[in-house]
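Student: I'd like to ask some things about the structure below.
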Amino acid sequence: MEYERLYADMMLKLKEGLSPKLYYHGVHHTIDVLSALTQISKQENIADEQLVLLKTAALMHDSGFTETYTDHEEAGCRITRQMLPGYGYSDADIDIICGMIMATKIPQTPDNKLEEIICDADLDYLGRDDFYPISHSLFKELVFRGVLTDENEWNKIQVRFLSAHHYFTATC
């Protein structure tokens, strides 16, 4: 698996392909998820080969936004299945990676430890000091997309989401 080459190519693809109106789901989010995932994986004693699969899934998890806003996870798996064989990933690796990508779809539905880790990394910001500015970037993105119209509606959604949310790993 040629993760480093994939990382360079995918970061360029995301920088060129993601809309600047993705205030939350931009390249910065992918980098943030990779950072959180690396920290969580260390605490969860993830082996090196599994860490490469996790990092690949984090790198690819929002790639579908280069094609569509709705059902971006499915589009991300399609992109993953097209790209990863060229970087030495096996069909079995790609199936594991797509499982992780699909597990991040809200509501999150992880079926194994790797899926739990990426889900926790994807929403790591919920428990951090920078929650408010990151949350506001998602609000701004959803307003632009026409999903929300006002802050009062957003606050109600946030309260319901935060009340129902739980992390999956012992670390988080």
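No value in this document is a laboratory result; all are computed from the given coordinates. The model shown is predicted, which means the values in this text are computed figures rather than measured ones. Glycine gets a Cβ as well: all are built from the backbone with ideal geometry, and neighbour counts include every protein chain shown.
Student: Return 89, 24 ranked ascending by Cβ neighbour count within 10 Å, so the fewest neighbours appear first.
Tutor: Going from least to most buried by this count: 24, 89.
Student: Using the 10 angstrom Cβ neighbour count as an exposure proxy, how do 63, 90, 19 rank, fewest first?
Tutor: 90, 19, 63
Student: Right, something else. May I ask you to list the residues of the range 13-32 whose amide nitrogen lies under 18 Å from a point 7 Å from Cα along the Cα→beta-carbon direction of residue 82?
Tutor: Within reach of a label on residue 82, which here means backbone N under 18 Å from a point 7 Å along Cα→Cβ, the range 13-32 contributes 13-19.
Student: When the Karplus curve 6.51 cos²θ - 1.76 cosθ + 1.60 is applied with θ = phi - 60°, which whole-Hz ³J(HN,Hα) does each residue of the range 64-74 get, with x for Gly and Pro?
Tutor: With coefficients 6.51, -1.76 and 1.60, one gets x, 5, 6, 10, 7, 8, 7, 6, 5, 5, 4 Hz.
Student: Would you calculate, for the chain, the mean residue ellipticity at 222 nm contributed by helices, counting each DSSP H stretch of 4 or more residues as -39,500 (n - 2.57) and dividing by all residues, to the nearest 500?
Tutor: Counting only the DSSP helices, I get -20000 deg cm²/dmol.
Student: What residue among 60, 100, 11 shows peak mean-square fluctuation when the chain is described by a Gaussian network model with Cα springs under 10 Å?
Tutor: Largest GNM mean-square fluctuation: 11.
Student: What Cys residues in the chain are without a partner cysteine, judged by a Cβ distance under 4.7 Å?
Tutor: By the Cβ distance rule, which asks for a partner under 4.7 Å, the isolated cysteines are 119, 172.
Student: May I pose another question? Given 65, 108, 152, which one lies farthest toward the positive end of the charge dipole of the chain, if we put +1 on the Cβ of every Lys and Arg and -1 on the Cβ of every Asp and Glu?
Tutor: 152
Student: Now for a separate question. Between 160, 81, 145, where does the largest GNM mean-square fluctuation fall for the chain, given springs only between Cα atoms within less than 10 Å?
Tutor: In this elastic network of the chain, the residue with the biggest mean-square fluctuation among 160, 81, 145 is 160.
Student: Something else: Let me spell out the model: positive unit charges on the Cβ of Lys and Arg, negative unit charges on the Cβ of Asp and Glu, origin at the Cα centre of the range 3-164. What dipole size does that give, in debye rounded to 20?
Tutor: Its charge dipole is roughly 360 debye.
Student: For the chain, how many pairs of lysine residues have a Cα-Cα distance under 17 Å, where the two are 8 or more positions apart or belong to different chains?
Tutor: Values: 13/21; 13/55; 21/140; 42/55; 42/113; 55/113; 105/113; 140/156.
Final tally of qualifying lysine pairs is 8.
Student: Amide H neighbours of residue 169 under 5 Å, at least 5 residues apart or on other chains, H built in the peptide plane: list them.
Tutor: Long-range HN contacts for residue 169: none found.
Student: Out of [x] 8.4; [y] 9.4; [z] 15.8, which label holds the value of mean projected area of the Cα convex hull in nm² that was computed here?
Tutor: Matching entry in [x] 8.4; [y] 9.4; [z] 15.8: [y].
Student: Taking Cα centroids, how far is the range 9-34 from the range 64-80 in Å?
Tutor: Measuring centre to centre over Cα atoms gives 13 Å.
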